[in-house]
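Asks: First the structure, then my questions, so here it is.
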Amino acid sequence: MEETDQIVRVFEWPWPTYFHGLPPGYKSIAQAVFLVFFRLSITFNLSFPIRSTAMASTLSDLTATITSALSSLPPQDKIQDAERMQLLEAINRLQAELEPPPVSIRRICFSHYSLVIIRVAQGMGVFDAFVESEGAHLSLQELSPKIEGDEKLLKRVMRFLCAHRIFKEVAGETYQPLPLAMAFGTGSVPGEMIKHFHACMQASAKIFAYLEERGYKNPEDAYDAPFQLAYNTKEHYFDWLKKNPEVQKAFNAVMTTSQQFRGEDWFEMFPVTEKLKLNTSEPSDRALLVDIGGGVGHDIKAFRNRFPKLTGQLILQDLPQVIGAIKEPLPGGITAIGHDMFKPQPIKGAKAYYLRTVLHDWPEKQALEALSCIREAMAEDSILLIHEHTTPEGANVPPLAATLDFHMMEMFSALERTEKEWVTLLEKAGFKVAKVWKGQSNTHPVALFEATL
């Protein structure tokens, strides 16, 4: 029967027939491709041209189908996070099925060069040159006077950046900046992220030596992590940052990006009016909420806006230098106090003490010290609220979450905890976990641990 091209919805494809016709070893690849296209069709209501009789008897047919799908994708800003993560998961599965071990090994061994060479290009001023030229195409000869360094090195750097789709060589040694290149200019958040994680890479390089020297024992002290070995210091990373303003600036920029992955606000998961409403018989000066390590007040201001009629003081706490950096007056009812959470808590008997993504920076040793200071200040009816991302149990953990766990280890001897590990930590600190409130986000899962004395 003569083959004809048709437009067929993914879920209408006769998959068993196609799988049966594949050469040996291609079935798993086709199944992975199916997952990619199924996500695309459901998410974006897309259709793709395929062969109606033998969908993919060769890899070239699979490649053609994927290429067709790429041209049908909507713009980046039209894709929801959940949809994006589902599709990326399917694509990762496709790569895992298709990539032979030698290619995987090579990719793993050379993966760190992207960060390093982008940092080199930053130092040379490559990205700034294109930003100042408003994205115009520049030849090697035009670019060379605008940067630091010689033309031989510049050529090699540009070759690498083109190979990694940050630039495009549109003619012989003439370069077009792609969107990512224009994002790396001086002072930009992506540019500062490169600086931050390049500084962290020094600690990454010491993980093996650190663990080998200690008999591969899990780090337990925030003042003895691979970071201290890498930078030959006894200072905690946060103390070291104060003396390195360029890295501090980069770190601050990275913290602003974390707002995109916050998940739900705690008061959207928690019955605030039921749990935190003060009785009329209680002292009028009793604190309603103490936000410990609350930065410049994002969470406590959002809480005040959401519940303007709740009575009781709202206290924002962070280190004195953080509180001192607050430029705009805080809304009425919020008081900012400089405080080190490892010292006795000055606000006694508050209705609730709240920490958001604070304790994940600390290993058990220091986390227990901080929790002890809070426990000593609590009244019998006080509530402790710990708002954190949770790592899934078992081996089915997203690659980014598993990677961040080691990032916390290299910098702080800390970890990304599972729900069970959070509960265990709180119980070791002398608390009873009354309930674990769950967020609804599948892409950035968060939990609110409600604990009492």
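The values are calculated or read from the model by the stated rules, or taken from the named source; none is laboratory data. Quick caveat, the model's predicted, so the values are computed rather than measured. A quick note on method: Cβ atoms are made from the backbone with ideal geometry, for glycine too, and the neighbour counts reach across all protein chains shown.
Asks: With the requirement that a residue be outside any helix (DSSP H, G or I) and either under 16 Å from L180 (Cβ atoms) or not assigned by the TED database to the domain that holds R119 (or both), what does the stretch 148-168 give you?
Replies: H164, R165, I166, F167, K168, listed by residue number.
Asks: Follow-up question, since we're still on this one. Among (1) more than 30 Å from M193 (Cβ to Cβ); (2) at pLDDT below 95, there is one condition Q321 misses while meeting the rest; what is its number?
Replies: (1)
Asks: In this structure, does A253 turn out to be more than 24 Å from D299 (Cβ to Cβ) and either β-branched (V, I, T) or not in a loop (DSSP other than H, G, I, E, B) (or both)?
Replies: no
Asks: Here's a follow-up. Taking into account only those residues within the stretch 202-246 that are of a type in the set (A, V, I, L, M) and under 19 Å from E416 (Cβ atoms), which is nearest to the chain's Cα centre (by Cα)?
Replies: The extreme case among them is A203.
Asks: Any idea which residue in the stretch 140-153 is nearest to E173 (Cα to Cα), counting only those that are loosely packed, with under 13 Cβ neighbours inside 10 Å and of a type outside the set (K, R)?
Replies: Start the filter on the stretch 140-153 by keeping residues that are loosely packed, with under 13 Cβ neighbours inside 10 Å, which leaves 141, 145, 148, 150, 152.
When the remaining residues are screened for being of a type outside the set (K, R), the result is 141, 145, 148, 150.
On the way: Q141: 8, P145: 15, E148: 18, D150: 15 Å.
Ranking the candidates gives Q141 first.
Each row is one residue, and each column tells you yes or no for (1) surrounded by 14 or more Cβ atoms within 10 Å (Cβ to Cβ); (2) in a loop (DSSP other than H, G, I, E, B); (3) in contact (Cβ under 8 Å) with a residue 24 or more places away in the chain.
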position: A199; (1), (2), (3): yes, no, yes
position: A222; (1), (2), (3): yes, yes, yes
position: K234; (1), (2), (3): no, yes, no
position: K249; (1), (2), (3): yes, no, yes
position: T257; (1), (2), (3): no, no, yes
position: E264; (1), (2), (3): yes, yes, yes
position: F267; (1), (2), (3): yes, no, yes
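Asks: Right, another one. Answer yes if at least one residue in the stretch 431-445 is surrounded by fewer than 16 Cβ atoms within 10 Å (Cβ to Cβ), hydroxyl-bearing (S, T, Y) and under 29 Å from L211 (Cβ atoms), and no otherwise.
Replies: No, every residue in the stretch 431-445 fails to be surrounded by fewer than 16 Cβ atoms within 10 Å (Cβ to Cβ), hydroxyl-bearing (S, T, Y) and under 29 Å from L211 (Cβ atoms).
Asks: Mind telling me which of the residues R356, R375 ends up being crowded, with 21+ Cβ neighbours inside 10 Å and closer than 27 Å to P344 by Cα?
Replies: Answer to the selection: R356.
Asks: While we're looking at this one, here's another question. How many residues, within the stretch 63-83, are under 27 Å from E264 (Cβ atoms) and without any contact (Cβ under 8 Å) to a residue 60 or more places away in the chain?
Replies: Within the stretch 63-83, residues that are under 27 Å from E264 (Cβ atoms) and without any contact (Cβ under 8 Å) to a residue 60 or more places away in the chain number 8.
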